[in-house]
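Here's a structure for you.
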Amino acid sequence: MVACGDITGCMDASAVNFNALATISDAASCEFPFVCDGEVVEVSISTGSFSEEMDWSITDADGTEVASNVDDYSDNSDYATNVCLEAEAEYDFNAIDSYGDGWNGGSFVLNGSCGELASGTAADADVTSGSTEAFAFSGCAPSNEVTCQTIDLPQGWSMFSTSMMADDMD
């Protein structure tokens, strides 16, 4: 029961929407930052009709599911979800249709730091329910590109000494 003056909110200090004024915890409302120590891949889904039949998963080379959709979709809508994958590893994107007649105008695109990894749609299936179409792809290779930055130092300063001191200090 909420009493007069109580404030419901996220009371987890590690959440991006932490509410220091909250007196009643609403843990379900807490939102946490996306942290990835591998390759961030954006899964973009566009739905057509009968979107409630659409699901997807990503499985690794051993067939272990590493990501999947968690919510139901609405017809004729666009969705984007970030997933964390291992760079250069082999994966399958599994376009799943619970009825078995394809994604009815729906499609997907997977984008990593190196560009598009895979795209497509679940085609019409020959089965009556539970069809899956797999699309093989690899995570991006780590970038070996060296990035240089120019730093303008005041006249008389050097970065090659053991300490940085100005020659002329008034």
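The values are calculated or read from the model by the stated rules, or taken from the named source; none is laboratory data. Just so it is clear, the structure is predicted and the values come from calculations on it, not from any experiment. FYI the Cβ positions are ideal-geometry reconstructions off the backbone, even for glycines, and counts take in every protein chain you see. Just so you know, the surface numbers come from the protein's heavy atoms only, side chains and all, with ligands and any DNA or RNA stripped out. Shrake-Rupley method; radii C 1.70, N 1.55, O 1.52, S 1.80 Å.
Please work out which residue is surrounded by the most Cβ atoms within 10 Å (Cβ to Cβ), limiting yourself to the stretch 93-118 and to residues that are among the charged types (D, E, K, R) and in a strand (DSSP E or B).
Here the answer is ASP97.
For the stretch 66-92, which positions are closer than 18 Å to ASP37 by Cα and either open to solvent by 40 Å² or more (accessible area, probe 1.4 Å) or hydrophobic (A, V, I, L, M, F, W, C) (or both)?
VAL66, ALA67, THR81, ASN82, VAL83, CYS84, LEU85, GLU86, ALA87, GLU88, ALA89, GLU90
Output the number of the condition that CYS4 fails; it satisfies all remaining conditions of (1) in contact (Cβ under 8 Å) with a residue 24 or more places away in the chain; (2) open to solvent by 50 Å² or more (accessible area, probe 1.4 Å); (3) more than 13 Å from the chain's Cα centre (by Cα).
Going through (1) in contact (Cβ under 8 Å) with a residue 24 or more places away in the chain; (2) open to solvent by 50 Å² or more (accessible area, probe 1.4 Å); (3) more than 13 Å from the chain's Cα centre (by Cα) one by one, CYS4 breaks only (1).
Quick one: is GLY48 small (Gly, Ala, Ser), in contact (Cβ under 8 Å) with a residue 40 or more places away in the chain and within 22 Å of ALA123 (Cα to Cα)?
Yes: the conditions hold for GLY48.
Now, a different point. May I ask you to list pairs of residues, at least six apart or on different chains, whose Cβ atoms are under 6 Å apart, with the first in the stretch 8-19 being under 12 Å from PHE32 (Cα atoms) and the second being in a loop (DSSP other than H, G, I, E, B) and open to solvent by 60 Å² or more (accessible area, probe 1.4 Å)?
These pairs meet every condition: CYS10/PHE18; ALA15/GLU31; ALA15/PHE32; VAL16/GLU31; VAL16/PRO33; ASN17/GLU31.
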